[in-house]
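Report on the following structure.
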Amino acid sequence: MLTSRGFWFLLGVGAVAFWAVPALSYSAPATALLALSLLLWFLFEWGLFLARANAAAGRISVERHILQGGREQPNLWANLDGVVRVTIALKPGAWRLPFVAVADKLPAGQLVMSGTRRAVGGITHARPMTLEYTLHPVAPGVLRFEGVELRMADLCGLFYRRVFLRLPTEYLVLPTLADDESSRRAVKRQNALPPPGIHRLKRAGGGTELHDLREYIPGDPPKMIAWKASARREVLITKEYENDVPVRCVLFLDASNGMRLGDPGNTNLARAAGIGAAVAQAAAATRDIVGLTVFDETATTVMKPARTRIHGMQMLRTFAETAGRQPEVGSTDPVALQTYAHSLAVEQYPELLEKRVNSRPLGLFWLPLMDSRARWLLLLPALFYLFVVFGGGFNLMVEITRNIVRPRHPSDLFVFIPVGLLLLLLPVWMTGVSWFLFGIRGFFGKRAKDLAVRKQLAAVFAGLDSDTPAAVERYIHDDDFFVARANRFLAAHHTLPPVALYDEAGKYRFRGEAKLTVLADALVRSVGVARDNELYVILADVVELAADLDPLLRAVRAACGRHHQVLVLLPWPDDMPPPRDRRAERQDGKRRKVSIGRLIEDALVADYHRKFDTVRTALVRAGASVIRFNQDDPVQLVLQRMEQLRGGRIRR
Amino acid sequence: MSSAPASPSPAVEPKMPSDFPFLDVVRNPAARTYALVAAGGLLATATLLYLFYFSMFGAAAVLVIGVCGILFRWAAAPVLFVVVSAYSLRFPLGLPFVDGGVSGISLIPGSHFALADLLFVAAALVHLIGLYRYLSAAHAGLPFEAPPPFVKPGAKPTVRPAEPIADPELWKLFARAAAFVVAGQVLWLLVTELKLDFRRDFPITVHDSTWSRYGPGVWMLNWLSRSLLTVLAFAVLGGLLAFVMWYWRLAGMSRDEGRVATLDTRWAGLRRDVNRPEAWRGWVKKKAAGKLPKTGFGTYFLVFGVPVLMLLFAVVVIGCAGGFR
């Protein structure tokens, strides 16, 4: 509120007034006049600033528009520049704000490509403030704009207020539209290709390619009779044509927590969604049928295979929404979460943390002393002091005073003065002992500060949820309850506290064993309703689950047994060398400088490669094909498989 | 398709207007204008100090401080200007406890609306307002958002943008300076002409005679009345302003603020009732999870050591006292 400049001015002028008005006015009245005039001016500036700030409260409007291709868009497309235009204007009733600084809060992981998201100046009714800058989202997902930070000050810089104009808006970043090259068929295998979107199935059906000849059965349409063959054999022969069935591809997208980890826009899930979207668009361009199943550790979301335009757009939206899902890291440290949540609240909910709406009563500072039952026994010495020592001591002090006033012996003073001081100042000594025990910051140290922060956050959470006062107390005392809400609060604002990837036993915390069962069930369900040999593309991170692959392997075998094809695309960490390179490194024979860090890194890399090899071997043996995200071109590979299905024959 | 197309590198976002080299002051219309206003006020203040208050030391000192404030954007200059001006008025020669021959009782009746005082205070106000606005345009208009430990080294605060200043802004500055000179004089008139006398029914009265106001000794005895009246005036003005603004802000609360404020009030009322079950629930959950804090030496000392010490202490005191009976 009061800047340091304002504080020093008030202190200086106040000191001069304190000196001038009582005494200095006798000899130099101009000093008092100067001090009083300056104090009145300061008071006026304060009132004017408060009036402007109060008049503006709730009367500042923020509008946000996102433009791509020169037009306002409800969604964005990845890898295309999007222009963000923010207008901050004053509504009627607000006074002019002569000096404000505004800054639009960027979505997590985004950088300004051009323009600026900050501005300084004045805002009037006639002259709103406009920010315009360009973003370049590189991956599908969700962009969440929280709002605009506005700092206002008076023209002299004596007063200051910061408000956050919340305008939470989420925009989907849809996957990049596939270009001509990616939607083209990968390999042209024969000249006579069937029409797009279908493939020939060597079963009798209503296609155009001759499949077989058989004897006439009464009821066969006359146009199906093969007259030449009938003439040669002297019996009626009927032609059978091959069946034309659509090529179907079902994508399985892993949206488990392990896939969501990483910088915004640079997660495995975002990459998988990008690949899946490219496959879906390329397949839709050739009128193939594509379906999508999104799964995580608990549930699946199924979009049945279809080829309509609406279905394609819904798939893109699903990919974008899935890529924007925040990881549920499940942090269980209430103090750490409280630190992050409080920082976020200070930044985006400053008005809800002010003491006038969110108090911090003094009781909070002594309550921690009563955290343990044993400390309740402290009441005993307190009562003892009040009723015995204090009461008796008062009587004794009378005696002491009598002896001091009229000492019988000078040595009386050496005894009774210290004794009297100790008795009278006993609470002070106890305070000293407590400081010694609990730290120089006070009786209760960090615990009391944490409790005050916890209470303020609890009131914010309960207020946002329209909850009851009991919820505030529960947030204060129930760590699990608080942790769950704080995690939700942070996730809703796309803020991720540091994630511990490994538990105390060194085990990866985001393995997600349960997702394999969910995936296997989904795959078996798809196989159950499949019509023909289909392509199942699984985009999942299962490398850490080498020992738990059984459910998936069974499902893959079931799919392959029905003549379907299964393609597994595995994400690969950016900082992990590919297996081939590691082998080449080992064979190059060069001596390396060995260090502890290098040894640990080598061990971790070797362990990851070993797991990857195990998973790949198991899946290949079950009949699936396995490739990495960053290996070759997974989209082209999937399209190539579909092309094989289109032109291939089923095995009998 | 697997490898994402190379994304363009982000541009360096234009910086907020901040502290700039001194030579750029002349190119910044806002800073230039207010530098001239502050310089004018400074010159007038120094001239008046020298001509009317016979303080060559004061004139030179405020000139040096003011010029340093303008040239080097010295943030402490305004406060030092006020302090040095006050000192120079009391001790024109610059030596402590050595009057310059201008003090005297005769000055006091003339202190109300004396031309020299009016001009001096007006010049000082113009200089201070101009200097503060100049600092906002050339040094720091807004403080850093982060607390000092978290401000990046070399970071510069935001300043007012370099835009021409509208004429009304300057005229308002001069009008305000004049208005507050008069207001200060009126307030000074009130606190010197009125007297606090708590023996009366209404404790504020008017001085009955000039001699009782300004007579030797009486003036000095009235310092308490003046001080209390000044404090009372500012308390009333400030309190009234704060109350109006507080209510205004209360009336303009947002929905979220109102909800949290209501919740907080209800929580404060119900805390004693709801604290107990929730505290026990939390304690039981912690105990079940084995997360209860361990009892340390401090607790044992507080629970057992302190009572024992107090008991011993009481025994010693009682014993000593008994020994003296």
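What follows draws every value from the coordinates through simple rules; no lab data is involved. Predicted model only: the values in this text are computed from it and were never measured. In this analysis, Cβ positions are derived from the backbone assuming ideal geometry, glycine residues included, and neighbour counts consider all displayed protein chains.
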If we restrict to alpha carbons, what Rg and Dmax does the stretch B:121-178 come to, in Å? 14.6, 42
Estimate the FRET efficiency between B:VAL284 and A:LEU67 by the formula 1/(1 + (r/R0)^6), using the beta-carbon distance for r and 56 Å for R0, to the nearest 0.05. 0.50
Which ³J(HN,Hα) values in Hz, rounded to whole numbers, follow from the phi angles of the stretch A:556-561 under the Karplus curve 6.51 cos²θ - 1.76 cosθ + 1.60, where θ = phi - 60° and Gly and Pro get x? 5, 4, 4, 5, 5, x
Amide H proximity to A:HIS211 below 5 Å, modelled H, separation 5+ or other chain, gives A:GLU240, A:TYR241, A:GLU242
Total charge of the residues flanking B:SER136 in space, meaning their Cβ is under 11 Å from its Cβ, with Lys and Arg +1 and Asp and Glu -1, is +3
Can you tally the net charge around A:LEU210? Count Lys and Arg as +1, Asp and Glu as -1, for every other residue whose Cβ sits under 9 Å from the Cβ of A:LEU210. -3
Extending each Cα 7 Å along its Cβ direction at A:VAL335 and B:LYS291, get the distance between those two points in nm, one decimal. 1.3 nm
Label-point separation (nm) for A:ARG287 and B:LEU224, each offset 7 Å from Cα along Cα-to-Cβ? 10.5 nm
How high is the FRET efficiency from A:ASP480 to A:LEU362, r the C-beta distance, R0 30 Å, rounded to 0.05? 0.60
To the nearest 0.05, what FRET efficiency results for A:TRP95 and B:ASP24 with a Förster distance of 30 Å applied to their C-beta separation? 0.45
What's the magnitude of the charge dipole for the stretch A:1-130 around its Cα centre, counting Lys and Arg as +1 and Asp and Glu as -1 at the beta-carbon? Answer in Debye, nearest 20. 240 debye
Value of Rg/Rh across the stretch A:16-73 [Cα atoms, Kirkwood radius]: 1.57
Sort B:PHE243, B:PHE174, B:PHE234 so the one with the fewest other Cβ atoms within 10 Å of its own Cβ comes first. B:PHE243, B:PHE174, B:PHE234
Projected onto their principal axes, the Cα atoms of the stretch A:59-174 stretch, largest extent first, over whole-Å spans of 45, 25, 22
Counting Lys and Arg as +1 and Asp and Glu as -1 over every other residue whose Cβ sits under 15 Å from the Cβ of A:ASP480, the net charge comes to +3
Expressed in nm to one decimal, what extension gain is obtained for the pair A:HIS125 and A:THR308 from 0.36 nm per residue of sequence separation less their Cα-Cα distance? 61.0 nm
Going by average Cβ neighbours within 10 Å, how do the peptides A:539-546, A:153-160 rank, with the highest at the top? A:153-160, A:539-546
Can you list residues from other chains, or at least 5 along the same chain, whose modelled amide H is less than 5 Å from the amide H of A:VAL142? A:VAL173, A:GLY324
Over the stretch A:59-174, what relative contact order in percent results from Cα pairs under 8 Å that are six or more residues apart? 29 percent
Rank by packing, highest mean first: peptides A:99-111, A:226-238, A:73-85, A:620-632, with packing defined as the count of other Cβ atoms within 10 Å averaged across residues. A:99-111, A:73-85, A:620-632, A:226-238
Once phi for every residue in the stretch B:57-62 is put through the Karplus expression 6.51 cos²θ - 1.76 cosθ + 1.60 (θ = phi - 60°), the whole-Hz ³J(HN,Hα) values, with Gly and Pro written as x, are 4, x, 4, 5, 5, 5
What residues have an amide H closer than 5 Å to that of A:LEU251, excluding those fewer than 5 places away on the same chain, when H is modeled at 1.01 Å from N in the peptide plane? A:GLY291, A:LEU292, A:THR293, A:VAL537
Please give the average number of partner chain Cβ atoms lying within 10 Å of the Cβ of each residue in A:51-61, rounded to a whole number. 3
At a 10 Å Cβ-Cβ cut-off, how would you order A:LYS507, A:LYS449, fewest neighbours first? A:LYS507, A:LYS449
